[in-house]
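Data first, discussion second: the structure below is written as C-alpha coordinates.
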(Lines give C-alpha, C1' and ligand atoms only; values in the text may rest on other atoms or scores of the structure.)
Protein backbone atom coordinates (compact mmCIF):
# COMPACT_ATOMS: atom_id res chain seq x y z
CA UNK A 1 0.00 0.00 0.00
CA UNK A 2 1.47 3.42 -0.94
CA UNK A 3 2.38 5.69 1.92
CA UNK A 4 0.78 9.14 2.05
CA UNK A 5 3.35 11.93 1.66
CA UNK A 6 2.92 14.44 4.51
CA UNK A 7 5.70 16.77 3.40
CA UNK A 8 4.92 20.31 2.30
CA UNK A 9 7.09 22.75 0.36
CA UNK A 10 7.48 25.78 2.66
CA UNK A 11 8.15 28.14 -0.23
CA UNK A 12 4.84 27.08 -1.80
CA UNK A 13 3.00 27.98 1.42
CA UNK A 14 4.10 31.60 1.22
CA UNK A 15 1.30 33.57 -0.42
CA UNK A 16 -1.17 30.74 0.04
CA UNK A 17 -4.80 31.73 0.68
CA UNK A 18 -6.24 31.25 4.16
CA UNK A 19 -9.94 30.57 4.63
CA UNK A 20 -11.98 30.00 7.76
CA UNK A 21 -13.95 26.79 8.20
CA UNK A 22 -16.98 28.36 6.50
CA UNK A 23 -14.92 29.03 3.38
CA UNK A 24 -14.66 32.79 3.89
CA UNK A 25 -11.35 34.34 2.80
CA UNK A 26 -9.23 35.63 5.69
CA UNK A 27 -6.03 36.59 3.89
CA UNK A 28 -2.71 35.11 2.80
CA UNK A 29 0.39 33.64 4.44
CA UNK A 30 3.28 36.12 4.28
CA UNK A 31 6.05 34.55 6.32
CA UNK A 32 6.82 31.33 8.12
CA UNK A 33 8.96 31.14 11.24
CA UNK A 34 10.92 27.96 11.95
CA UNK A 35 11.98 26.55 15.27
CA UNK A 36 15.53 25.65 14.32
CA UNK A 37 15.97 23.20 17.20
CA UNK A 38 12.80 21.26 16.45
CA UNK A 39 12.99 21.66 12.68
CA UNK A 40 9.36 22.69 12.26
CA UNK A 41 7.20 25.72 11.56
CA UNK A 42 6.37 27.57 14.78
CA UNK A 43 4.42 30.63 13.55
CA UNK A 44 3.01 32.11 10.37
CA UNK A 45 2.29 35.72 9.50
CA UNK A 46 -1.20 36.19 8.11
CA UNK A 47 -1.88 39.28 6.01
CA UNK A 48 -5.55 39.95 6.59
CA UNK A 49 -7.98 40.61 3.78
CA UNK A 50 -9.77 43.56 5.36
CA UNK A 51 -13.07 45.09 4.27
CA UNK A 52 -11.74 48.64 4.63
CA UNK A 53 -9.97 49.95 1.53
CA UNK A 54 -6.17 50.20 1.80
CA UNK A 55 -6.20 48.53 5.21
CA UNK A 56 -3.49 45.94 5.60
CA UNK A 57 -2.78 44.19 8.85
CA UNK A 58 -0.49 41.32 9.64
CA UNK A 59 -0.94 38.96 12.55
CA UNK A 60 1.47 36.33 13.82
CA UNK A 61 -0.46 33.14 14.50
CA UNK A 62 0.82 29.83 15.91
CA UNK A 63 1.21 27.28 13.14
CA UNK A 64 -0.73 24.76 15.23
CA UNK A 65 -3.89 26.78 14.54
CA UNK A 66 -3.71 26.19 10.77
CA UNK A 67 -4.83 23.15 8.82
CA UNK A 68 -3.81 22.42 5.25
CA UNK A 69 -6.89 21.70 3.13
CA UNK A 70 -7.36 18.19 1.82
CA UNK A 71 -6.67 19.38 -1.74
CA UNK A 72 -3.60 21.32 -0.49
CA UNK A 73 -4.81 24.44 -2.32
CA UNK A 74 -5.32 26.63 0.76
CA UNK A 75 -4.96 26.74 4.53
CA UNK A 76 -7.83 26.75 7.01
CA UNK A 77 -8.01 28.66 10.26
CA UNK A 78 -10.72 28.09 12.88
CA UNK A 79 -11.14 31.79 13.71
CA UNK A 80 -13.82 34.09 12.34
CA UNK A 81 -12.92 37.06 10.18
CA UNK A 82 -14.70 39.36 12.66
CA UNK A 83 -12.43 38.23 15.50
CA UNK A 84 -9.26 38.63 13.40
CA UNK A 85 -10.27 42.13 12.31
CA UNK A 86 -10.99 43.11 15.92
CA UNK A 87 -7.57 41.86 17.00
CA UNK A 88 -5.89 43.72 14.13
CA UNK A 89 -7.59 47.00 15.10
CA UNK A 90 -6.31 46.69 18.69
CA UNK A 91 -2.67 45.86 17.94
CA UNK A 92 -0.06 48.04 19.58
Hey, residue 7 out of contact with any helix residue (DSSP H, G or I) (no Cβ under 6 Å at 6 or more places or on another chain) and at pLDDT 90 or above or not: no
Tabulated pairs, region 67-92, first in contact (Cβ under 8 Å) with a residue 60 or more places away in the chain, second assigned to a helix (DSSP H, G or I), C-beta under 9 angstrom, 6+ apart or interchain: 68/13; 72/12; 75/13
Conditions (1) farther than 14 Å from residue 11 by Cα; (2) not in a strand (DSSP E or B); number of the one not met by residue 72: (1)
Residue that is surrounded by the fewest Cβ atoms within 10 Å (Cβ to Cβ), among those in region 22-39 that are touching a strand residue (DSSP E or B) at 6+ places or on another chain (Cβ under 7 Å) and either at pLDDT below 90 or more than 18 Å from residue 87 (Cβ to Cβ) (or both): 35
Qualifying residue in region 45-64 (condition: out of contact with any strand residue (DSSP E or B) (no Cβ under 6 Å at 6 or more places or on another chain) and assigned to a helix (DSSP H, G or I)): yes
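The values are calculated or read from the model by the stated rules, or taken from the named source; none is laboratory data. Computed from a prediction, not measured in an experiment: that's the story for all the values here. Positions of Cβ are generated from backbone atoms using ideal geometry, with glycine treated the same way; all protein chains shown enter the neighbour counts.
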